[in-house]
1. In terms of the ratio Rg/(2.2 N^0.38 Å) built on C-alpha atoms, what value belongs to the stretch 181-282?
2. Helix 240-253 against the longest principal axis of the chain: what's the angle in degrees, Cα atoms only, rounded to the nearest 10?
3. Pull out the extension gain between ASP241 and ASN108, defined as 0.36 nm times the separation in residues minus the alpha carbon to alpha carbon distance; nm, one decimal.
4. Pick from ARG145, ARG109, ARG71: which is most flexible by mean-square fluctuation in a GNM of the chain where alpha carbon atoms under 10 Å apart are linked?
5. How big is the dipole moment of the chain about its Cα centre under a simple scheme where the beta carbon of each Lys and Arg is +1, that of each Asp and Glu is -1, and everything else is neutral? Debye, nearest 20, please.
6. Report the gain in length on full extension from SER176 to THR227: 0.36 nm times residue separation, minus Cα-Cα distance, nm rounded to one decimal.
7. Run the paramagnetic zone check for THR40: 7 angstrom along Cα to Cβ, then residues of the stretch 114-156 with backbone nitrogen under 16 Å.
8. 222 nm [θ] for the chain, helices only, -39500 (n - 2.57) per DSSP H run of 4+, per residue, to 500?
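Derivation of every value follows stated rules applied to the coordinates shown; laboratory data play no part. Bear in mind that the values here come from a model prediction, so they are computed numbers and not experimental data. Note: ideal-geometry Cβ built from the backbone for every residue, glycine included; neighbour counts use all protein chains shown.
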Amino acid sequence: MKPAPFAYARAATLEEAFGLLAEHGDDARILAGGQSLMATLNMRLSAPEILIDINGIDGLAGITDDGDSLRIGAMTRHADVEESDLVAMHAPMISMAMQHIAHPAIRNRGTVGGSIAFADPAAELPACAVALGATMTIAGTDGERTVAAEDFFHGLYETAVGPGEILTAITIPKISGNWKSGFLELARRHGDYAIIGLCAHAEIDGGTFGDARLVFFGAGDRPVSATQTAPLLKGKTWSGDLADRIAEALKEELDPPEDLNADGPMRRHLAGVLVRRTLGPMAGQGE
């Protein structure tokens, strides 16, 4: 199937993009990497009157060291993040996730901001952003505003980006102290969307857990933070009994959807599998 007819405009500045968004309203779509948008256009799940291409706008791509944090421009390609030494050093979870995002051809064109703004609940980067306590920079005609990642995702393909606004950057606190990150997903084939995945970020001192965040993707209509289960780790060392307790708690806390890949009980079981395979190695032990 081919897309419905649409107009095309290549914005040279953010101001020009804002003007086009104001002119066309809900009939416009932003074109970044286009790796998700093109598919929805071809299947006629999306039929905008105009695509606004922001690839020519300076300053929207790149990875910068801001002292205590990394700033990743929304137009930064997945491949550039995957190859970044800064990201590998200061936000290792992101580096772990990158190799699971589709395939190299997609990562060469797809953008970090596009993935996050699309807000697919089975995508890796939205969950990483929540687990790492990232903040999103959103620009509009009234200037910039920042939104915490945990408040950014409002539901299935819904975010805090309002009419006439554009996501311009993601700021990620650098990993520090005793914090460690883990990432794992289960998919039918490498590169497919995950059946379920886990982003784990925790303080671990001498094998003992402190504060922890367990954020799942493919488990709801947005990244799902297991806020009731994660505190069970605090003050504990990893063991089979603790793994069993965490897995049982997740069965009570998570309410994942059913689809052609898996039903809810299967996803709850796999959440426990991911916890065992992720937290044990993070604590310096096996599963």
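1. Numbers: Rg = 13.0 Å, N = 102, 2.2 N^0.38 = 12.8 Å.
My calculation over the Cα atoms of the stretch 181-282 gives 1.02.
2. Relative to the chain, helix 240-253 is tipped by roughly 40 degrees.
3. 43.6 nm
4. ARG145
5. Result for the chain is approximately 820 debye, rounded to the nearest 20.
6. Numbers: separation 51, 0.36 × 51 = 18.36 nm, distance 2.16 nm.
Once the chain is fully extended between SER176 and THR227, it gains 16.2 nm.
7. Counting backbone N atoms under 16 Å from the label point, the list is 114-124, 126, 153-156.
8. The helix contribution divided over the chain gives -9000 deg cm²/dmol.
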